[in-house]
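Trainee: Right, I'll just put the structure down here and ask away after.
The values are calculated or read from the model by the stated rules, or taken from the named source; none is laboratory data. Please read all numbers here as calculations on a predicted model, not as lab measurements. For neighbour counting, all protein chains shown are included, and Cβ atoms are generated from backbone atoms with ideal geometry for every residue, glycine included.
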Amino acid sequence: METPSYILTSSTPDTTGIVAGITGFLADRGALITETQHFRDPPTNRSYLRAVFHDAGKGGLPDLPALDAAFEPIGRRFGMEWKFHDAHRRCRVVVAVSKQGHCLNSMLNRWHSGTLPIDVVGVVSNHEDQRRLAEWYGVPYHFLPIDAVGKQAQEARMLELFESSGADLLVLARYMQILSVDACRRLHGRAINIHHSFLPGFKGARPYHQAYERGVKVIGATAHYVTEELDEGPIIEQEVERVDHNMDPDELTSIGHDIESVALNRAIRWHAEHRLFVHGNRTVVLR
């Protein structure tokens with residue numbers, strides 16, 4: 001049997017004694033801390049902490065609900081937002097795609113090889129193009145065309161599949177549809193998009209062509225949480241690559257596909273490992 005292992009994440013107004021309070025609480029219950037990250041954010045005067053721990057062998061570590069209840073006085077004392085997570089529980093992911101499959105292919109390969117700590121429980125798409133890829137990996141493929149039922153009904157069906165699968169995260173892996181305001185609100189903090197540009201520049205469609213027309217020397221990709229404002233969600237990760245005037249839009253697009261996959265996979269990993277903290281429109285990544 002696996003030794004129970006947990007992750008504590010906390011966000012609190014910065015003050016003295018936060019780290020001592022948390023580590024003392026864990027030590028009193030026989031917990032062995034195996035990993036910890038702590039960051040004080042000066043602009044917001046907030047303190048962020050992530051700690052991974054397990055029972056040190058004394059048998060005194062309770063289950064998650066009991067831990068949460070016991071921790072409440074400390075949380076109240078510091079005005080803390082906190083959560084205990086089961087470190088062995090893998091994040092359940094539904095992936096939404098359209099016609100392009102480079103991000104999906106990279107994600108499925110990393111998941112299948114065990115290097116991405118998630119469970120992909122389904123792929124949804126408004127096109128049939130990526131069915132063979134998903135089914136090769138043994139992942140259910142849900143074809144939800146928009147023209148047949150209309151965009152609102154199609155989106156409702158996608159959200160229904162997301163909830164019924166017990167998914168924790170929706171990944172928009174080059175899903176070329178804009179989610180409704182209602183969907184963005186329902187999926188707040190549970191949806192990540194990859195935008196094929198280094199935001200906040202070149203928003204919207206055909207960013208590589210926009211970059212080519214501007215003669216940029218660096219192109220990028222941005223993984224961010226989905227919000228009601230298109231391409232404005234809190235940025236999780238960005239990746240860049242140098243380019244030059246010899247490259248046409250097709251070459252920029254090919255390079256962009258590689259860096260999109262890298263940025264998206266990192267963002268998914270950090271979310272799955274509970275390394276991300278959102279405050280306003282900024283993120284803190286403890287890694």
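Trainee: Can you pull out every residue in segment 176-214 that is of a type outside the set (A, V, I, L, M), within 19 Å of the chain's Cα centre (by Cα) and at pLDDT 95 or above?
Mentor: If the condition is that a residue be of a type outside the set (A, V, I, L, M), within 19 Å of the chain's Cα centre (by Cα) and at pLDDT 95 or above, then 184, 185, 186, 188, 189, 190, 193 are the ones that fit.
Trainee: Same structure, new question: Which condition does residue 240 not pass, out of (1) in contact with a strand residue (DSSP E or B) (Cβ under 6 Å, 6 or more places away or on another chain); (2) buried (at least 18 other Cβ atoms within 10 Å of the Cβ); (3) more than 30 Å from residue 53 (Cα to Cα); (4) at pLDDT 85 or above, if it passes all the others?
Mentor: Of (1) in contact with a strand residue (DSSP E or B) (Cβ under 6 Å, 6 or more places away or on another chain); (2) buried (at least 18 other Cβ atoms within 10 Å of the Cβ); (3) more than 30 Å from residue 53 (Cα to Cα); (4) at pLDDT 85 or above, only one is false for residue 240: (2).
Trainee: In the list 3, 12, which residue meets the criterion of being surrounded by 16 or more Cβ atoms within 10 Å (Cβ to Cβ) and touching a residue at least 12 places away in the same chain (Cβ under 8 Å)?
Mentor: On inspection, the qualifying residue turns out to be 12.
Trainee: Check whether at least one residue in segment 119-127 is more than 18 Å from the chain's Cα centre (by Cα), among the charged types (D, E, K, R) and either surrounded by fewer than 19 Cβ atoms within 10 Å (Cβ to Cβ) or assigned by TED's automatic domain parsing to the domain that holds residue 31 (or both), and report yes or no.
Mentor: No, there is no match, as no residue in segment 119-127 is more than 18 Å from the chain's Cα centre (by Cα), among the charged types (D, E, K, R) and either surrounded by fewer than 19 Cβ atoms within 10 Å (Cβ to Cβ) or assigned by TED's automatic domain parsing to the domain that holds residue 31 (or both).
Trainee: Here's something else I'd like to know. Looking at residue 30, is it on the phi > 0 side of the Ramachandran plot and in contact with a Lys or Arg (Cβ under 8 Å, 6 or more places away or on another chain)?
Mentor: yes
Trainee: Let me ask something additional. Quick check on segment 74-85. Is at least one of its residues assigned to a helix (DSSP H, G or I), in the same structural domain as residue 191 (by TED's automatic domain parsing) and among the aliphatic types (A, V, I, L, M)?
Mentor: No, segment 74-85 contains no residue that is assigned to a helix (DSSP H, G or I), in the same structural domain as residue 191 (by TED's automatic domain parsing) and among the aliphatic types (A, V, I, L, M).
Trainee: Same structure again: If residue 66 satisfies every condition in (1) in contact (Cβ under 8 Å) with a residue 12 or more places away in the chain; (2) among the hydrophobic types (A, V, I, L, M, F, W, C); (3) not in a loop (DSSP other than H, G, I, E, B) but one, which is the exception?
Mentor: The failed condition is (1).
Trainee: Further, regarding this structure: All but one of (1) aliphatic (A, V, I, L, M); (2) more than 17 Å from residue 99 (Cα to Cα); (3) modelled with pLDDT of 95 or more hold for residue 144; state the number of the condition that does not hold.
Mentor: So the condition that residue 144 fails would be (2).
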